[in-house]
Amino acid sequence: MSADEASGWSQYVTWMRACWQGQVGDVLTERDQWQTRLGEPPPGEAQTAEERRDPRRVVAQARSYLGNNRDRMAYPRYRREGLPTTSSLAESLVGEVNARVKSKQKHGIRSAGAESILQLRAAVLSQDDRLPRFFAERPGCPFRKRDALNRKSEDAPAQTAA
């Protein structure tokens, strides 16, 4: 799109900064001007790496992406509302879940492990009594075992050293 790599990178940074500032329409207008100067890409899918690097295709793909996602690129509003502007948080969580559920050590219990994680996460997010109830009622609860042991010892006669 530009005569050399440095000026191409500079143009890219300018366009991305404009998108970040909520000026996607302006970037689309510039991309349309670039497309007019370069011409439309050849019809059909690019078969080779050289065809994929054709500036006409690159500009057309960028125009298509920006046009299709323009409504989702309201970054200034997202920042004002305190919303995430990247998918990195979700991607990080996916990696964490994959590590916990799909590791080789958990091969035999993958579905059960995933369901447990989902249920526990739902309990945390529900903000009601589910989480304390889960810990009190879960199988193998150390609190329940102690209660059962304490009751048995209370019912048994006291032993004295004789």
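The values are calculated or read from the model by the stated rules, or taken from the named source; none is laboratory data. These numbers come from a predicted model, not from an experiment. With ideal geometry, Cβ positions are generated from the backbone for all residues, glycine too; neighbour counts draw on all protein chains shown. To get the accessible areas, we keep the full protein, side chains included, count just its heavy atoms, and leave off ligands, DNA and RNA. Shrake-Rupley method; radii C 1.70, N 1.55, O 1.52, S 1.80 Å.
Taking the criterion of being under 26 Å from the mean Cα position of the chain (by Cα) and open to solvent by 70 Å² or more (accessible area, probe 1.4 Å), the only residue of the range 1-13 that qualifies is Y12. Selection of first residues in the range 39-68 that are within 21 Å of T29 (Cα to Cα) and among the aliphatic types (A, V, I, L, M) and of second residues that are part of a loop (DSSP other than H, G, I, E, B) and open to solvent by less than 50 Å² (accessible area, probe 1.4 Å), restricted to Cβ pairs under 6 Å at least 6 apart or on distinct chains, gives the following pairs, ordered by first then second residue: A60/P41.
Sub-6 Å Cβ pairs linking a first residue in the range 69-89 that is without any contact (Cβ under 8 Å) to a residue 24 or more places away in the chain to a second residue that is in a loop (DSSP other than H, G, I, E, B), at least 6 apart or interchain, are Y78/T85, ordered by first then second residue. Annotation: of all residues in the range 14-37 being under 25 Å from the mean Cα position of the chain (by Cα) and under 14 Å from A62 (Cβ atoms), the one that is most open to solvent (accessible area, probe 1.4 Å) is M16.
On the basis of being open to solvent by 80 Å² or more (accessible area, probe 1.4 Å), assigned to a helix (DSSP H, G or I), small (G, A, S) and modelled with pLDDT under 65, does S153 make the cut? Answer is no for this residue.
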